[in-house]
1. Just one of Arg361, Arg375 is free of Cβ contacts under 8 Å to residues at least 12 places away in the same chain and out of contact with any helix residue (DSSP H, G or I) (no Cβ under 7 Å at 6 or more places or on another chain); which is it?
2. Looking at Glu389, is it surrounded by fewer than 16 Cβ atoms within 10 Å (Cβ to Cβ) and in contact (Cβ under 8 Å) with a residue 40 or more places away in the chain?
3. Among the residues of the range 52-60, is there at least one that is surrounded by 18 or more Cβ atoms within 10 Å (Cβ to Cβ) and at pLDDT below 70?
4. If you go through the range 363-377, how many residues are part of a loop (DSSP other than H, G, I, E, B) and charged (D, E, K, R)?
5. Looking at His205, is it modelled with pLDDT of 90 or more and either surrounded by fewer than 18 Cβ atoms within 10 Å (Cβ to Cβ) or touching a Lys or Arg at 6+ places or on another chain (Cβ under 6 Å) (or both)?
6. Among the small types (Gly, Ala, Ser), surrounded by 14 or more Cβ atoms within 10 Å (Cβ to Cβ) and over 17 Å from Leu316 (Cα atoms): which single residue out of Ala356, Ala376 fits that description?
7. Any idea how many residues of the range 182-196 are in contact with a helix residue (DSSP H, G or I) (Cβ under 9 Å, 6 or more places away or on another chain) and more than 9 Å from Arg311 (Cα to Cα)?
8. Among the residues of the range 164-190, how many are over 30 Å from Arg296 (Cβ atoms) and surrounded by fewer than 18 Cβ atoms within 10 Å (Cβ to Cβ)?
Amino acid sequence: MSAGTVDPIREASGQLASWLRFRLTSGSPSLDEAVESGMPGAWPGKASFIQRLGSARAIVRRDEADLADRIASDPWFRRWGAERVRRWRHLPQPAEMVARWEGLPILNGVADLADWLGIPALGELHWLAGIERGGEEVGGRLGHYTYRWIPRKHGASPRLLASPKPRLKAAQHRILRGILERVPLHDAAHGFRRGRSILTFAEVHVRRDCVLRADLAEFFPSIRFGRVAAFFETAGYPSSVARLLAGLCCHAPPRSLVREAGLPPSEVARWTRPHLPQGAPTSPALSNALAFRFDRRLAGLAAAAGADYTRYADDLAFSGGDGLRRGAARFLDRVAAIALEEGFELNYRKSRVMPACARQRLAGVVVNERPNTTRATYDELKAILHRWETRGLAACAGDDPVFAERLLGRIAALGQLNLEKGGKLRLRFERLRSA
C-alpha cells in the first residue's frame, strides 16, 4: 500500500470500535444488538466474531485504539471489512458532553455514569434506577425503598415518606454532592440550601403592611420523571445518562400501597407515576433546581406589584404595602396561573391575606414585629417533652424510629427564632435522652 493511502480495513475497524463503545455506553441492551446496528445482515461466522469480541463490559473498558486493533486482526472481519467500509463511514459518531454549569462531572455514557457512582455492573445500575436495559420502561417499583404514611392535620391526605435503602441512597448522595449542589438556584429559594433557613425565608417579610401566604399542593409528587430527565439533559448529559440519573432520583410506589391509604382515584394516579419521593436526599435539591423559572416568574410578578417574594419548599410568601392588600385576590389568581403553567398547583385552602393588624405567620414563624415562634408551637413541644418525662419515650414515639431526631430538629428550628425558649427545650431534651 502506497504512502498516504488509508487501509480500508483499519479505517473500518476504527469506525466500528468507536460505534460499539458509543452504543454500549448509551444504553444498548446487548453486544449482539450493538453489532447488528453497525453491521446489519446475517453473514456466516458473524456470531463467532461477536463471541471473540468479548463481553459488553470488557469492550467499554478497553481502550478504543486497542479495540480497533483487535477487530482489524480478526480473520472474519478482514474478509468482510473492506467490502462494508462504505456503510461504516456513515455511522454517526458520539458527541462529547458539554456541561452547562462549572464543576459538573463529565459523563459521556452509561459506563461513565456507573464508574462515577462506583457501581460495578451496568445491570446493577439499571436495576437501581428501575429502568430496563433498553430504556423503554421507567417502573421504579422495585424494592429499593421503605415506606411510612405520615398523617396530616385538618383531614388532609396523608403524606408518604419513601426512604431509599442503603445502596440506592449512596448513589443519590453521590448525585447530590457531585451534580445537584453545583446547580445555581434562584435567590428567592430558602429551603434545603446552605446559608438559608426558615429564618432567612421569613425575615424578609417582617413589619410589612400586608403579607400573603400561599402553598403548593403535593409539591414532590407533582415533579415527575420526564421533568427530571429533561433537567439532566439541560445540564449537558446525553439522553441515556439523563434517564438513568432521573430513574435513580424518581420513584413510583406500588399501587397497592397507595390504595391502602384510602386516597381517591385521582390521588392514586398522581402517587403511582414516577416522581420525586419525599425521603430521598436528592429530592429537595432537585425541587429547587426545577423551580428556578417558577421562582423567577414569581419574583418578577412581586416586583411589578412593589412586593417581595421568598419560597421555602412548597411555602410561598409575598409582602408589600397597602396596594398589595387591596389587589390580593387578583394577585393570588396570577400566582395560581403561573403555578399551573410551571407544572405546580396552588392549594387555595392554605392561602392567606394577613394585614399588619392581624397575626402574620409564615411556615410557623410570626413576622409582625420580628421573626418569632408561636406560643402554640412552644406549648406543643413542652407537652411532648412532658409526656416523654411521665410516660416514657415509647408513648411519644409510637412506631416512628426517628422520633427523637425529628423532635430535636423541631426544637432547633424554634431555637433559631427564640434563643431563650429553644435553649430551655434543648436542655430538657438532652436530659431525657441521656437518662
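The values are calculated or read from the model by the stated rules, or taken from the named source; none is laboratory data. This is a predicted model, so every value here is computed, not measured. Heads up, the Cβs are rebuilt from the backbone with ideal geometry, glycines too, and the neighbour counts pull from every protein chain shown. The protein model used for the area step is the full one, side chains on, heavy atoms only, and it has no ligands, DNA or RNA in it. Shrake-Rupley method; radii C 1.70, N 1.55, O 1.52, S 1.80 Å.
1. Checking each option against the conditions leaves just Arg375.
2. yes
3. Looking through the range 52-60, at least one residue is surrounded by 18 or more Cβ atoms within 10 Å (Cβ to Cβ) and at pLDDT below 70.
4. Total satisfying the criteria: 2.
5. Taking the combined requirement at face value, the residue does not satisfy it.
6. The unique qualifying residue is Ala356.
7. The total comes to 8.
8. Residues in the range 164-190 being over 30 Å from Arg296 (Cβ atoms) and surrounded by fewer than 18 Cβ atoms within 10 Å (Cβ to Cβ): 5 in total.
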